[in-house]
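The numbers here are math on the coordinates, done by the rules we state, and not lab data. Computed from a predicted model, the values in this text were never measured in an experiment. Cβ: placed from backbone, ideal geometry, glycine included. Neighbour counts: every protein chain shown.
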Amino acid sequence: MTKRLAVFLVLTLLLGLTLGCGLCGLSGGGEEAPPPDEEAVDEEATQPPSEEVQSGDETEDEDEIESEIEDEQEEELSLSSITGGLQSLDSYRSHFKMTVEGTAEGETEGGFYEMDIEHVREPFAQRIVIQGEHGAGSFEVVHIGDMQYVVFEEGQCMSTSAGEDEAIDMEIFEPEDVIGGLEDARRVRPDESVNGVLCQHYVFDESAMTWGGFARAEGEVWVAVEGEYVVKYVLQAEGKDPVTGNEGQIEWEYEIRDVNAPIVIEPPSGCEAAESEFPMMADATEVTTMGGILMYTSPSSFDDVQAFYQEQMPADGWSDTGESTISPGSAILNYTKDGRTATITLSGEDGAVSVLIMSE
């Protein structure tokens with residue numbers, strides 16, 4: 001037998017053994033393997049996702065819907081207060097100007113009102129400067145701690161001891177009193193930086209204004225992204241001026257500047273000198289001075305206050321005119337100095353003494 005034939009016989013034998021073993025496994029005493037179940041395969045292929053997967057998909061869908069709703073809400077602005085949010089700032093300066101051109105009783109009229117405010121939260125200090133032709137005219141109000149100073153157009157200064165919540169009501173037209181709310185102002189992208197503050201920008205017309213009798217209006221407002229306070233507001237309108245009631249064209253400008261910047265507010269020049277013109281009891285409260293006038297209240301006894309002035313006025317160079325009138329609980333003391341006269345009126349009531357000094 002040749003070598004080639006031997007190799008062939010070996011391969012034939014191995015193949016026969018392999019097939020034989022395979023057949024033994026299929027039939028030789030064992031059970032036949034069942035064919036694959038086509039219905040089971042189909043059911044497994046079409047089985048829906050588990051509840052756990054479905055829940056995750058639903059959560060993602062809800063998040064997407066909420067996000068879309070939030071985006072839509074951000075596209076519109078409803079504004080109820082133009083000064084809301086300023087209370088949280090450490091300091092700021094604000095500027096407001098209103099210009100009106102119209103007619104009244106058939107005659108053309110024009111005017112303006114301008115207000116500048118400096119505000120420091122801690123320690124409390126505020127300065128307001130008013131210029132214009134509406135309201136009380138032009139004047140300046142400075143509030144520092146428990147003192148308030150008012151400088152009138154003629155240069156006269158009035159100072160009053162008053163806390164932040166006890167300031168004299170000057171009946172000032174503030175932006176909050178003049179500029180009303182907005183509904184559904186439209187968002188303008190992208191966001192913008194105004195006076196160093198990142199803002200969302202909105203535009204509106206008369207249909208968005210919840211106040212006023214304007215026939216036509218166009219305006220823009222910028223709201224701080226952080227703090228949500230109005231940084232800038234501009235308006236051009238035609239119709240009835242809410243301040244004067246006259247018909248005409250109106251332009252308003254309002255903006256906040258120098259947010260949280262270092263601002264120093266000092267008493268107006270000349271006001272501090274007026275405080276020391278006349279002697280005053282050390283326990284004086286509710287103090288008001290203006291030019292040659294001093295008013296305050298003292299909790300001391302009537303006799304102590306009367307004795308104080310009878311001693312201090314001569315010590316300051318004032319001479320008694322001899323025309324004083326004194327009675328229980330009230331007194332009028334008259335003095336003169338360098339051609340000037342001073343009248344001191346004392347009135348005791350409810351355990352306190354009211355003091356009024358007037359000079360000319």
>> So if each residue of separation counts as 0.36 nm, and I subtract the Cα-Cα distance between E247 and V188, what length gain in nm does that give?
In response: 18.2 nm
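In the stretch 254-326, which GluC sites (Glu not before Pro) are in a loop and have at most 12 other Cβ atoms within 10 Å, using DSSP for the loop call?
Working: sites: E255, E272, E275, E277, E286, E311, E323; in loops: E277, E323.
Filter output for the stretch 254-326: E323.
Over the alpha-carbon set of the stretch 200-331, divide Rg by the Kirkwood Rh and report the Rg/Rh ratio to two decimals. Don't jump to the answer; show the numbers that get you there.
Details: Rg = 27.4 Å, Rh = 21.0 Å.
Here Rg/Rh amounts to 1.31.
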> So between S269 and I326, what do we pick up on full extension, going 0.36 nm a residue minus the alpha carbon distance?
Replying inline: 16.8 nm
> Local charge sum around I128 (other residues, Cβ-Cβ under 10 Å, Lys/Arg +1, Asp/Glu -1)?
Replying inline: -3
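If the chain between D116 and D177 were fully stretched, how many nm would it gain, using 0.36 nm times the residue separation less the Cα-Cα distance? The partial results should precede the final answer.
Numbers: separation 61, 0.36 × 61 = 21.96 nm, distance 1.51 nm.
Contour length minus Cα-Cα distance gives 20.4 nm.
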>> Output wanted: per-residue J couplings in Hz (rounded whole) for the stretch 190-197, from phi through Karplus 6.51 cos²θ - 1.76 cosθ + 1.60, θ = phi - 60°, x for Gly and Pro.
In response: x, 5, 10, 9, 10, 6, x, 10
> If each of T210 and A307 carries a label point 7 Å out from its Cα toward its Cβ, how far apart are those two points in nm?
Replying inline: 6.2 nm
>> Counting just the Cα atoms, what span does the stretch 276-359 cover along each of its three principal axes? Round to the nearest Å and put the largest first.
In response: 36, 27, 17
> Measuring from label point to label point, each 7 Å out along Cα→Cβ, what is the S88 to S319 span in nm?
Replying inline: 6.6 nm
